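The values are calculated or read from the model by the stated rules, or taken from the named source; none is laboratory data. Everything numeric here is computed off the predicted structure, so don't read it as measured data. No Cβ is skipped: glycine too gets one built from the backbone with ideal geometry, and neighbour counts run over all protein chains shown.
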Amino acid sequence: MQPAVILSAADWQELTERLARLEAAEQARALATTAKPDEVLSTKAAAEYIGLCAEALLRARRAGRIAGVRLNEKDWGFRRSVLDAYPRRYHRAAQAA
């Protein structure tokens, strides 16, 4: 025996619209997880991207505050996802005077 639920037309419409929104959100999430690999920026480009000078970015890497990727014997690169997380974690908001 299966239970039966009686709904008004308005409730049914609301439920079907909600289901459609949930399915669209699930599809968008699935597309976001299959995104292209993380881009690696050079030190200069990464510094410009997060608003620091190149020396400050390299100091942050040496201090362990940001992860770098070795490009060759001299140069470092930085993943865009790591750079996106850096200001939210370490950046101090400017204080109003």
Completion exercise
Note on segment 39-55: residues within 20 Å of the chain's Cα centre (by Cα), over 13 Å from residue 66 (Cα atoms) and not in a loop (DSSP other than H, G, I, E, B) are 40, 41, 42, 45, 48, 49
Exercise for the section: From the list 70, 65, 79, 29, pick out the single residue that is under 14 Å from the mean Cα position of the chain (by Cα) and either exposed (fewer than 14 other Cβ atoms within 10 Å of the Cβ) or modelled with pLDDT under 90 (or both). Expected result: 29
Completion exercise
Every listed condition ((1) in contact with a Phe, Trp or Tyr (Cβ under 8 Å, 6 or more places away or on another chain); (2) surrounded by fewer than 11 Cβ atoms within 10 Å (Cβ to Cβ); (3) not aliphatic (A, V, I, L, M)) holds for residue 43 save (2)
